[in-house]
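Each remark here refers to the structure printed beneath this line.
The values are calculated or read from the model by the stated rules, or taken from the named source; none is laboratory data. Please read these numbers as outputs of a predicted model, since none were measured by experiment. For neighbour counting, all protein chains shown are included, and Cβ atoms are generated from backbone atoms with ideal geometry for every residue, glycine included.
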Amino acid sequence: MRILVTGGGGFIGSHLCERLLKMGHEVICVDNFFTGSKKNIIHLLDNPYFEVIRHDITFPLYVEIDQIFHLACPASPIYYQKDPVQTLKTAVHGSINILGLAKRLRIKVLLASTSEIYGNPQIHPQKENYWGHVNPIGPRSCYDEGKRCSETLFMDYHRQYNLKVKIVRIFNTYGPRMQINDGRVISNFIVQALKNRDITVYGDGSQTRSFCYIDDLIEGLLKMMNTEDGFTGPVNLGNPKEITILELAKKIIQLTSSKSNIVFNSLPQDDPKRRCPDITLARNLLFWEPRISLDEGLAKTIAYFKTLLKEEEKDYQIPLFFT
Ligand code: NAD
Ligand code: UDP
Ligand code: UDP
């Protein structure tokens, strides 16, 4: 098949492109490199079955393909809040264009939605039938409400045009190719620990997250795409092992044998207090569950950042932004 991956230059998208190519598919990666990096896909550029189109999906896109994984959207709080209007345009106009494309070609399209649609949840763990607790006017709303609207658009195109859609709600995912300055907790803590700098815990660190290793997530995305046509989801994809941010900081210090101290900074507004997926649906319908433990996944991610920092020392640097 010829498969379109929007956001293919990003963290998750680049792993997906690589995996689809390995499976024997042709891959078209569409990305405007707002938060992604050419570095993530540079090793794929020699592959004749891989194409890159620099394009902002808030504008129409005409390509001929057989299937779409729609991932394009800034995902880290510091980046999606940097240009909130563009984040919303990407979630809304971008999704409309991708749905219009899928509708013209009558092809299947999968949306990478997020656990953020549950907001600051009042129910634990979060099940797919929970409608969430979201501030519609706060600094995170461009992302949360944007993705909620993407989900609505996907379901409306499904109901109105009988389009084959799939929605996955991805919980915090980590691994190699996260940007060094991405601002998300795992990359921040690992880089700080490796440089023996202070580890910046926001708030008192009692908030929780559940971290899924990238390879497990990719497996889940592929399984969801291959479910029967009538099944739209949404389905939670994440690791149900919950950990506090303070525990995470201590674990990373220990795994890196770092001399870093933990410092406590202010908690960002609307930062969700607890987050943990209920993955019963994914287990039962996709026969999927994460296999890689946090310690194992962190070890691989730490090894990646160690190499990256060594390269940085050697002054080998490609700019992170290509806008
Ligand atoms: P990322 O920022 O690394 O990747 C997003 C990619 O989309 C980047 O390459 C960026 O340049 C591209 N992009 C952004 N706006 C675009 C536009 N208008 N047109 C074209 N390309 C555009 O983030 P990621 O972690 O790989 O996330 C990928 C997807 O998964 C996102 O939709 C995100 O919301 C979702 N997700 C990720 C996580 C996570 O923990 N990583 C959790 C939940 C959901
Ligand atoms: N679109 C696109 N590529 C296509 C087909 C459509 O980018 O191959 C865009 C098109 O610009 C439109 C949007 O998708 O604005 C929604 O398409 P739809 O068919 O739902 O709406 P309409 O074209 O009727 O406004
Ligand atoms: N966080 C932190 N220190 C950092 C970066 C993040 O304590 O340097 C916290 C953040 O406040 C949140 C959690 O870690 O409670 C996860 O943050 P991230 O940005 O990775 O993801 P999200 O908030 O979108 O789940």
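Summary of values
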quantity: Filtered residue count, region 172-192, keeping only those that are at pLDDT 95 or above, closer than 21 Å to SER115 by Cα, of a type in the set (S, T, N, Q) and more than 11 Å from the chain's Cα centre (by Cα); calculated: 2
quantity: Candidates ASP182, ASP144 - the one that is assigned to a loop (DSSP other than H, G, I, E, B) and surrounded by 17 or more Cβ atoms within 10 Å (Cβ to Cβ); calculated: ASP182
quantity: Pairs where the first residue, in region 90-106, is within 12 Å of TYR62 (Cα to Cα) and touching a residue at least 12 places away in the same chain (Cβ under 8 Å) and the second is within 13 Å of ligand 1 (Cβ to nearest atom) and part of a helix (DSSP H, G or I), C-beta under 9 Å, 6+ apart; calculated: LEU99/PHE154
quantity: Test: residue in region 21-30 that is buried (at least 16 other Cβ atoms within 10 Å of the Cβ), of a type in the set (Gly, Ala, Ser) and more than 18 Å from GLY175 (Cα to Cα); calculated: no
quantity: Residue in region 118-136 that is without any contact (Cβ under 8 Å) to a residue 12 or more places away in the chain, touching a helix residue (DSSP H, G or I) at 6+ places or on another chain (Cβ under 8 Å) and more than 10 Å from ligand 1 (Cβ to nearest atom) present; calculated: yes
quantity: Any hit, region 8-15, residues being away from ligand 3 (no atom under 16 Å from the Cβ), at pLDDT 95 or above and farther than 15 Å from ALA112 by Cα; calculated: no
quantity: Single unsatisfied condition, TYR202 versus (1) within 13 Å of ligand 1 (Cβ to nearest atom); (2) closer than 22 Å to PRO268 by Cβ; calculated: (1)
quantity: Leading residue by the ranking (farthest from ligand 3 (Cβ to nearest atom)) among those in region 20-67 that are small (Gly, Ala, Ser) and farther than 20 Å from VAL109 by Cβ; calculated: GLY24
quantity: Complete set of residues in region 149-170 that are away from ligand 3 (no atom under 15 Å from the Cβ) and not hydrophobic (A, V, I, L, M, F, W, C); calculated: SER150, GLU151, THR152, ASP156, TYR157, HIS158, ARG159, GLN160, TYR161, ASN162, LYS164, LYS166
quantity: Every pair of residues 6+ apart whose Cβ atoms lie under 6 Å, when the first sits in region 266-291 and is in contact (Cβ under 8 Å) with a residue 40 or more places away in the chain and surrounded by 15 or more Cβ atoms within 10 Å (Cβ to Cβ) while the second is small (Gly, Ala, Ser) and in a loop (DSSP other than H, G, I, E, B); calculated: LEU267/GLY203; ASP270/GLY138; PRO277/GLY238
quantity: Pick from region 51-83, criterion aromatic (Phe, Trp, Tyr) and more than 12 Å from ligand 2 (Cβ to nearest atom), ranking: surrounded by the most Cβ atoms within 10 Å (Cβ to Cβ); calculated: PHE69
quantity: Considering residues of region 101-114 that are in contact with a Leu (Cβ under 9 Å, 6 or more places away or on another chain) and among the small types (Gly, Ala, Ser) only, the residue farthest from ligand 2 (Cβ to nearest atom); calculated: ALA112
quantity: Any hit, region 198-215, residues being in contact with a helix residue (DSSP H, G or I) (Cβ under 7 Å, 6 or more places away or on another chain), part of a helix (DSSP H, G or I), buried (at least 19 other Cβ atoms within 10 Å of the Cβ) and among the β-branched types (Val, Ile, Thr); calculated: yes
quantity: Scope region 72-98; condition within 16 Å of ligand 3 (Cβ to nearest atom) and either touching a helix residue (DSSP H, G or I) at 6+ places or on another chain (Cβ under 7 Å) or among the polar types (S, T, N, Q) (or both); matching residues; calculated: CYS73, PRO74, SER76, TYR80, GLN81, PRO84, THR87, ALA91
quantity: Of all residues making up region 247-260, the number that are farther than 20 Å from SER210 by Cα and surrounded by 12 or more Cβ atoms within 10 Å (Cβ to Cβ); calculated: 3
